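One structure is given below, encoded as C-alpha coordinates.
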Amino acid sequence: FEPRRVEALAGVRVVMVAASPSHGGWGLDYSHSLAVADDGAVFSWGAGKDSRLGHGSSNDVHTPRRIDALKKQRIASVAAGENHSVALSNEGRVYSWGSGRWGQLGHGSLRNARLPRAVDALRDVWVCSVACGCYHNLALAWEGGVYSWGP
(Lines give C-alpha, C1' and ligand atoms only; values in the text may rest on other atoms or scores of the structure.)
Protein backbone atom coordinates (compact mmCIF):
# COMPACT_ATOMS: atom_id res chain seq x y z
CA PHE A 1 0.00 0.00 0.00
CA GLU A 2 1.30 3.42 -0.96
CA PRO A 3 -0.04 6.97 -0.59
CA ARG A 4 -2.22 8.10 -3.49
CA ARG A 5 -3.36 11.60 -4.33
CA VAL A 6 -7.07 12.27 -3.72
CA GLU A 7 -7.85 13.26 -7.30
CA ALA A 8 -11.29 14.67 -6.45
CA LEU A 9 -9.48 17.46 -4.56
CA ALA A 10 -6.87 18.12 -7.28
CA GLY A 11 -8.35 21.51 -8.19
CA VAL A 12 -8.80 22.61 -4.56
CA ARG A 13 -6.08 24.22 -2.44
CA VAL A 14 -6.45 22.16 0.73
CA VAL A 15 -4.92 23.69 3.87
CA MET A 16 -6.05 21.24 6.57
CA VAL A 17 -7.18 17.61 6.81
CA ALA A 18 -8.56 15.30 9.50
CA ALA A 19 -9.26 11.57 9.67
CA SER A 20 -11.47 9.75 12.14
CA PRO A 21 -10.22 7.06 14.46
CA SER A 22 -11.75 3.70 13.63
CA HIS A 23 -12.22 0.92 16.13
CA GLY A 24 -14.65 -1.16 14.12
CA GLY A 25 -12.54 -2.32 11.19
CA TRP A 26 -10.88 -1.22 7.99
CA GLY A 27 -12.05 1.06 5.21
CA LEU A 28 -15.19 3.01 4.45
CA ASP A 29 -17.34 0.83 6.69
CA TYR A 30 -16.22 2.89 9.68
CA SER A 31 -13.92 5.81 8.89
CA HIS A 32 -14.45 9.27 7.48
CA SER A 33 -12.23 12.13 6.37
CA LEU A 34 -12.46 15.92 6.25
CA ALA A 35 -10.59 18.61 4.31
CA VAL A 36 -10.61 22.41 4.53
CA ALA A 37 -9.87 24.53 1.47
CA ASP A 38 -8.08 27.88 1.56
CA ASP A 39 -11.43 29.62 0.96
CA GLY A 40 -12.96 27.98 4.08
CA ALA A 41 -14.95 25.31 2.22
CA VAL A 42 -15.20 21.94 3.97
CA PHE A 43 -15.26 18.58 2.21
CA SER A 44 -16.09 15.19 3.70
CA TRP A 45 -16.08 11.59 2.52
CA GLY A 46 -16.17 8.06 3.88
CA ALA A 47 -18.72 6.28 6.06
CA GLY A 48 -21.92 8.29 6.46
CA LYS A 49 -23.40 6.42 9.43
CA ASP A 50 -25.06 8.74 12.00
CA SER A 51 -24.74 11.63 9.49
CA ARG A 52 -21.08 12.13 10.45
CA LEU A 53 -20.35 13.57 6.98
CA GLY A 54 -22.69 16.55 7.43
CA HIS A 55 -24.62 16.10 4.18
CA GLY A 56 -28.01 15.51 5.81
CA SER A 57 -28.08 11.74 5.38
CA SER A 58 -26.32 8.58 6.55
CA ASN A 59 -25.21 7.65 3.04
CA ASP A 60 -21.56 6.81 2.43
CA VAL A 61 -19.71 9.23 0.13
CA HIS A 62 -16.77 7.72 -1.74
CA THR A 63 -15.20 10.93 -3.06
CA PRO A 64 -14.83 14.30 -1.29
CA ARG A 65 -18.04 16.34 -1.34
CA ARG A 66 -18.49 19.91 -0.12
CA ILE A 67 -20.62 20.32 3.02
CA ASP A 68 -23.26 22.73 1.74
CA ALA A 69 -24.55 23.57 5.23
CA LEU A 70 -21.24 25.32 5.99
CA LYS A 71 -21.12 27.42 2.79
CA LYS A 72 -21.91 30.64 4.68
CA GLN A 73 -19.10 30.02 7.18
CA ARG A 74 -15.39 30.41 6.56
CA ILE A 75 -13.98 27.35 8.30
CA ALA A 76 -10.39 27.39 9.58
CA SER A 77 -10.03 23.85 10.90
CA VAL A 78 -11.84 20.55 11.41
CA ALA A 79 -11.56 17.47 13.61
CA ALA A 80 -13.04 14.00 13.26
CA GLY A 81 -14.28 11.75 16.05
CA GLU A 82 -15.24 8.15 15.52
CA ASN A 83 -18.82 9.01 14.56
CA HIS A 84 -19.02 12.79 14.63
CA SER A 85 -17.23 15.83 13.24
CA VAL A 86 -16.36 19.33 14.44
CA ALA A 87 -15.47 22.50 12.56
CA LEU A 88 -14.06 25.82 13.75
CA SER A 89 -14.80 29.04 11.88
CA ASN A 90 -12.40 31.96 11.43
CA GLU A 91 -14.66 33.86 13.85
CA GLY A 92 -14.03 31.33 16.62
CA ARG A 93 -17.40 29.55 16.37
CA VAL A 94 -17.61 25.78 16.81
CA TYR A 95 -19.95 23.57 14.73
CA SER A 96 -20.63 19.87 15.24
CA TRP A 97 -22.61 17.10 13.55
CA GLY A 98 -23.07 13.34 13.46
CA SER A 99 -23.77 11.06 16.40
CA GLY A 100 -24.82 12.68 19.67
CA ARG A 101 -25.20 9.37 21.52
CA TRP A 102 -22.62 10.32 24.18
CA GLY A 103 -23.27 14.07 24.28
CA GLN A 104 -20.25 14.67 22.05
CA LEU A 105 -22.01 17.26 19.89
CA GLY A 106 -22.42 19.75 22.74
CA HIS A 107 -25.99 20.59 21.75
CA GLY A 108 -27.48 19.81 25.16
CA SER A 109 -29.01 16.48 24.11
CA LEU A 110 -28.08 12.97 23.02
CA ARG A 111 -29.64 13.38 19.58
CA ASN A 112 -27.78 13.11 16.30
CA ALA A 113 -27.35 16.16 14.07
CA ARG A 114 -27.69 15.47 10.34
CA LEU A 115 -26.18 18.84 9.44
CA PRO A 116 -23.53 21.04 11.06
CA ARG A 117 -24.94 23.07 13.94
CA ALA A 118 -23.33 25.72 16.15
CA VAL A 119 -22.35 24.67 19.67
CA ASP A 120 -24.36 27.41 21.40
CA ALA A 121 -22.80 26.79 24.81
CA LEU A 122 -19.58 28.28 23.35
CA ARG A 123 -21.20 31.27 21.63
CA ASP A 124 -19.51 33.78 23.98
CA VAL A 125 -16.11 32.06 23.80
CA TRP A 126 -13.56 32.85 21.08
CA VAL A 127 -12.24 29.37 20.27
CA CYS A 128 -8.88 29.02 18.50
CA SER A 129 -8.48 25.23 18.32
CA VAL A 130 -10.64 22.09 18.44
CA ALA A 131 -9.84 18.40 18.81
CA CYS A 132 -11.93 15.22 18.76
CA GLY A 133 -11.50 12.00 20.67
CA CYS A 134 -13.62 9.00 19.76
CA TYR A 135 -16.62 10.29 21.74
CA HIS A 136 -15.59 13.65 23.19
CA ASN A 137 -14.15 17.00 22.11
CA LEU A 138 -11.89 19.73 23.37
CA ALA A 139 -11.90 23.42 22.52
CA LEU A 140 -9.15 25.86 23.37
CA ALA A 141 -10.17 29.48 23.90
CA TRP A 142 -7.91 32.39 22.96
CA GLU A 143 -7.77 33.42 26.63
CA GLY A 144 -6.35 29.99 27.52
CA GLY A 145 -9.45 28.22 28.85
CA VAL A 146 -10.01 24.61 27.84
CA TYR A 147 -13.55 23.30 27.32
CA SER A 148 -14.53 19.62 27.13
CA TRP A 149 -17.78 17.84 26.29
CA GLY A 150 -18.85 14.24 25.84
CA PRO A 151 -18.00 11.42 28.27
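The values are calculated or read from the model by the stated rules, or taken from the named source; none is laboratory data. What you see is a predicted model, and the numbers here were worked out from it, not measured in a lab. Cβ: placed from backbone, ideal geometry, glycine included. Neighbour counts: every protein chain shown. What goes into the accessible areas is simple: the full protein's heavy atoms, side chains included, and nothing from ligands, DNA or RNA. Shrake-Rupley method; radii C 1.70, N 1.55, O 1.52, S 1.80 Å.
Surface calculation, 1.4 Å probe, protein heavy atoms: Val14 sits at approximately 50 Å² accessible.
Over segment 3-151, with every protein chain in place, what whole percent of the accessible area is carbon and sulfur at 1.4 Å, could you tell me? Of all accessible area on segment 3-151, carbon and sulfur atoms account for 51 percent. Phi angles across segment 56-73 convert, under the Karplus curve 6.51 cos²θ - 1.76 cosθ + 1.60 with θ = phi - 60°, into 3J(HN,Hα) values of x, 9, 9, 6, 5, 10, 8, 10, x, 9, 5, 7, 4, 5, 9, 4, 7, 10 Hz, Gly and Pro given as x. Karplus-based coupling profile of segment 16-21, in residue order and whole Hz: 7, 9, 8, 10, 6, x, with θ = phi - 60° in 6.51 cos²θ - 1.76 cosθ + 1.60 and x standing for Gly or Pro. Residues whose amide H comes within less than 5 Å of that of His84, counting only those at least five positions distant or on another chain, are Ser99 (H built at 1.01 Å from N in the peptide plane). Under 1.5 on a/c is rounded, so check that first for segment 43-109, then, if it is not, pick prolate when a/b is larger than b/c and oblate when it is not; a ≥ b ≥ c are the square roots of the alpha carbon gyration tensor eigenvalues. Taking the square roots of the gyration eigenvalues as a ≥ b ≥ c, segment 43-109 is oblate. The listed residues Arg93, Arg114, once ranked by accessible area (1.4 Å probe) with the largest placed first, stand as Arg114, Arg93.
Ala10 to Lys72: extension gain in nm, 0.36 nm per residue of separation minus the Cα-Cα distance?
Full extension of this stretch gives 20.0 nm more.
When the chain is treated as a GNM with alpha-carbon contacts under 10 Å, the residue of Gly46, Gly108, Gly56 showing the greatest mean-square fluctuation is Gly108. Heavy-atom accessible area with a 1.4 Å probe sorts His62, His32, His107, largest first, into His62, His107, His32. Distance between the modelled labels on Arg111 and Glu143, one decimal in nanometres: 3.1 nm (7 Å Cα→Cβ projection). The Cα atoms of the chain give a gyration tensor whose axes a ≥ b ≥ c have a/c of 1.5 or more with a/b no greater than b/c, which makes the shape oblate.
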